[in-house]
Amino acid sequence: MDASIVESPRQRNTRQENAQIKAGERPASFDDPDHLAKSRQKDTDARRTIKRNRRYIGYKNHVNVDAQHKLIRRYAVTDAATHDSQKIDELLDERNTNKDVYGDSAYRGQAIRQRLEAQGYRDRIHRKGVRGRALSEAGKAANTNKSKVRARVEHVFGRQAQCACHLGRTLLRSIGITRAKAVIGLRKLVYNFDRYARLVAH
């Protein structure tokens, strides 16, 4: 399991408007009859996040990938500020014949480990060091082995990010989370069709 950022078109709001949007309110300026086009161009569902020291505004694309065939089994779409771990329950697939669950360290946590164990899954989520206590050599070696499986999941994101012809890369040209879910869902479907065709051809 992993997640990637899908960016919304750039938009400029005042600080007050941004504060109201974050609080779940609709700024009155968006309904100004003299500037109706402004509200149509504002994505009040998108949120900001920072990944690898870069700022993004948009949505997060959470994915469960079959590591053997690189097919997308499940996905979820949230605003970019939602933590990866909040969507793990939606991504788990009880029909999967393999009970190993791989994921990056964002999914690591005592509560998640207990939930996985209660449902019969095996925790293969990356470990990470904490302040004042670096990851042990055994932990680093375990992460290296897990990365061999997780690398196949990264291929899925790479394919979608590089292929502009039918997957749209990482830019989302729609407004609102409802449309974002539809667009991202269609991209997933196209990816799976393309991946299936490649598997059958080989």
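Just so it is clear, none of the values below were taken in a lab; they were calculated from the coordinates. The structure displayed is predicted, hence computed values, not measured ones. When we count neighbours, we look across all protein chains shown, and the Cβ atoms used for this are built from the backbone with ideal geometry, even at glycine.
Dividing the summed -39500 (n - 2.57) terms of all DSSP H runs of n ≥ 4 by the residue count of the chain sets its mean residue ellipticity at 222 nm at -12000 deg cm²/dmol.
Qualifying trypsin sites (Lys or Arg not before Pro) in segment 40-103, where qualification requires a DSSP coil assignment and no more than 14 other C-beta atoms within 10 Å, comprise ARG52, ARG95, LYS99. Debye-formula intensities of segment 18-133, expressed as log10 I(q)/I(0) at q = 0.11 Å⁻¹, are -0.53 (one equal scatterer per alpha-carbon, no solvent).
Given R₀ = 41 Å, FRET efficiency for ASN98-ALA182 by Cβ-Cβ distance, to 0.05? Before the final figure, lay out each step's value.
Values: r = 30 Å, r/R0 = 0.73.
In this case the efficiency is close to 0.85.
Please tell me the relative contact order of the chain in percent, rounded to the nearest whole number, where contacts are Cα pairs under 8 Å and at least six residues apart. Dividing the mean separation by the residue count of the chain yields 24 percent. Structural size metrics of the chain, computed from C-alpha coordinates, are Rg and Dmax of 19.2, 64 Å. Counting Lys and Arg as +1 and Asp and Glu as -1 over every other residue whose Cβ lies under 10 Å from the Cβ of TYR191, the net charge comes to +4.
Between the DSSP loop rule and a limit of at most 10 other Cβ atoms within 10 Å, which trypsin sites (Lys or Arg not before Pro) in segment 130-202 are left? Write out the running numbers ahead of the final one.
Details: sites: ARG131, ARG133, LYS140, LYS146, LYS148, ARG150, ARG152, ARG159, ARG169, ARG173, ARG179, LYS181, ARG187, LYS188, ARG195, ARG198; in loops: ARG131, ARG169, ARG173.
Hits after loop and neighbour filter: ARG131, ARG173.
Membrane-span-like helices of the chain, defined as complete DSSP H segments with a Cα extent of 18 Å or more along the helix axis and a mean Kyte hydropathy of at least 0.0, are identified as 177-201.
For segment 37-136, the list of GluC sites (Glu not before Pro) that fall in a loop by DSSP and count at most 16 other C-beta atoms within 10 angstrom reads GLU94.
Seen from ARG95, the other residues with C-beta closer than 12 Å to its C-beta sum to a net charge of 0, counting Lys and Arg as +1 and Asp and Glu as -1.
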